[in-house]
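Handing you a structure now.
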Amino acid sequence: MHDINEEGDEMISRIVAELKTLPPVPADATARVLARVDAARRSEGTSRFGRRFSISLPAAIGYAVAATLAGFLIRGAVPRHPSEPTPRGIASAPVGETLGIRTPIVPAAANTRALEEAPVKVQFVLEAPRAKSVTVVGDFNAWDGSRTPLDRDSTTGVWSALVDVHPGRHVYAFLVDGKTWTLDPNAPRTKDLDYGTTQSVLMVGMR
Amino acid sequence: MMAARDAREESTVTSGPPSLRLIGGRNGRGMSTIDMSIVQRAKRGDRAAFAALVDFYYARSLRFAVHMLGNGQDAEEAVQDTFVRVHGALHRYDEFDRFESWLFRILANRCRTMMGREARRSRVLVYGDLAQDRGTPPDVEAIVWREEIQAALAALPNAQREAFLLRHVEGLEYEEMGRITGAGVSALKMRVKRACEFLRLRLAEVERA
């Protein structure tokens, strides 16, 4: 079949030239794709875990206690003395405590399950005086770069946000200016086995 | 409006360590193609390589989706969904198939799905959202011309619009288009022919007006 106007038709050429204009791409487009990919993977991992294991309540309590202790050990977050200086940038603080590390405040709960599920206010902090924006992305916010922006302290250039995080182990990173994956300089790190990327680790314990 | 980066053939990934720099080539019809080693690395789970793929193809994918859906927000959603699906299916990608064809197959499917949803809403034309140099005074004639083209494109049957865009805007071969759309080469040529006839007629009227 004759392929009409493959070349030589001025009108179609003008139309095509116009349609070939590339649209602007949002600066955070790739970061959003990666965040969604991570969220999808974590969701798959959670469901696989749920299918593979059926954990009894006593075992669950044991795991929770072990995870809590491990978290404190990894972060060195158990306050040895109330006046001990606070490591900067570690993402942990109870409500109303700025940059301080204390045992997270957990709402009173009637049973272990409620205790495990009750979210804890955690403060994420990053010193980035030249950044135009900072958000935190992690498994607790579906790696959504738009969900948790940090506020900038204009005098110090320190960005921070209080976030509700459920007890347990979490991984996260900061997204600076919508595109630069930035680890918490003061938090433990872990390597993602599938992607080889590195993430910061946060352990949120409970009373 | 959030900051936008220009679409480019040369791309530096900044969304996760390590940084990766890549330079694409061109296929026989003048379109950018990606270095296959990047695709292979992404397939092996290299996050930076996958980010490079997204960076490299995002603008073209968004262009196709905008033209197919006529709505910038839906187009963004379609492209984001497409890349998430691409990631999930990369392990099934057969390297004998050109990556671009494979990507556009997923994207075209996603657009078709969204067109079903969109059909329930009014079509919102968004060419105003597309590349505009905001620092220079608007060229009214150029804007009107763009809008007329978009209106004419929107008036095409979906299958004709898809075939026209894949052939003339994305520069794909008919065999590749067949793999993307599931239609035969003859049918695709006919769709392109009819789309050209319609667009030529419609826009000639605009010029005469």
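Karplus couplings for region B:62-79 from phi (6.51 cos²θ - 1.76 cosθ + 1.60, θ = phi - 60°), rounded to Hz, Gly and Pro as x?
Calculated HN-Hα couplings, in order: 5, 4, 4, 5, 4, 5, 6, 9, x, 8, x, 5, 4, 4, 4, 4, 4, 5 Hz.
Right, here's the next one. Using amide H atoms built 1.01 Å from N in the peptide plane, name the residues 5+ places from A:D184, or on other chains, whose amide H lies under 5 Å from its own.
Under 5 Å from the amide H of A:D184 lie the amide H atoms of A:F174, A:S200, each far enough along the sequence or on another chain.
Check A:W143: other-chain or 5+ apart residues with amide H under 5 Å from its amide H, H built from backbone geometry?
Amide H neighbours of A:W143, under 5 Å, 5+ apart: A:G138.
How large is ³J(HN,Hα) for each residue in region A:146-162, as worked out from phi by the Karplus curve 6.51 cos²θ - 1.76 cosθ + 1.60 (θ = phi - 60°), to whole Hz, x for Gly and Pro?
Computed from phi, the couplings for region A:146-162 are 9, 7, 10, x, 9, 9, 9, 7, 5, 7, 9, x, 8, 9, 8, 7, 9 Hz.
Then there's this: How would B:E77, B:E176 line up from fewest to most surrounding beta-carbon atoms within 10 angstrom?
Details: B:E77 16, B:E176 21.
So the ranking, lowest neighbour count to highest, is B:E77, B:E176.
May I ask you to sort B:Y57, B:Y174 by Cβ crowding, counting other Cβ atoms within 10 Å and putting the fewest first?
On the way: B:Y57 26, B:Y174 18.
Least crowded to most crowded, the residues run B:Y174, B:Y57.
So what J values fall out for region B:182-192 if you push phi through Karplus, 6.51 cos²θ - 1.76 cosθ + 1.60 with θ = phi - 60°, rounded to Hz, Gly and Pro as x?
x, 8, x, 4, 4, 4, 5, 4, 5, 5, 5
Here's another thing I want to ask about it. Between A:W159 and residues 5 or more places away or on another chain, which pairs have amide H atoms under 5 Å apart, with H built 1.01 Å from N, and which residues are they?
A:L126, A:E127, A:A128, A:D153
In nm, to one decimal, how far is the modelled label at B:E207 from the one at A:R130, with both set 7 Å along Cα→Cβ?
5.1
Read-outs throughout are calculated quantities, based only on the coordinates presented, and are distinct from any laboratory measurement. Here the structure is a predicted model, which is why all the values come from computation and not from measurement. Reconstructed Cβ throughout: ideal geometry from the backbone, glycine too, with neighbour counts over all protein chains shown.
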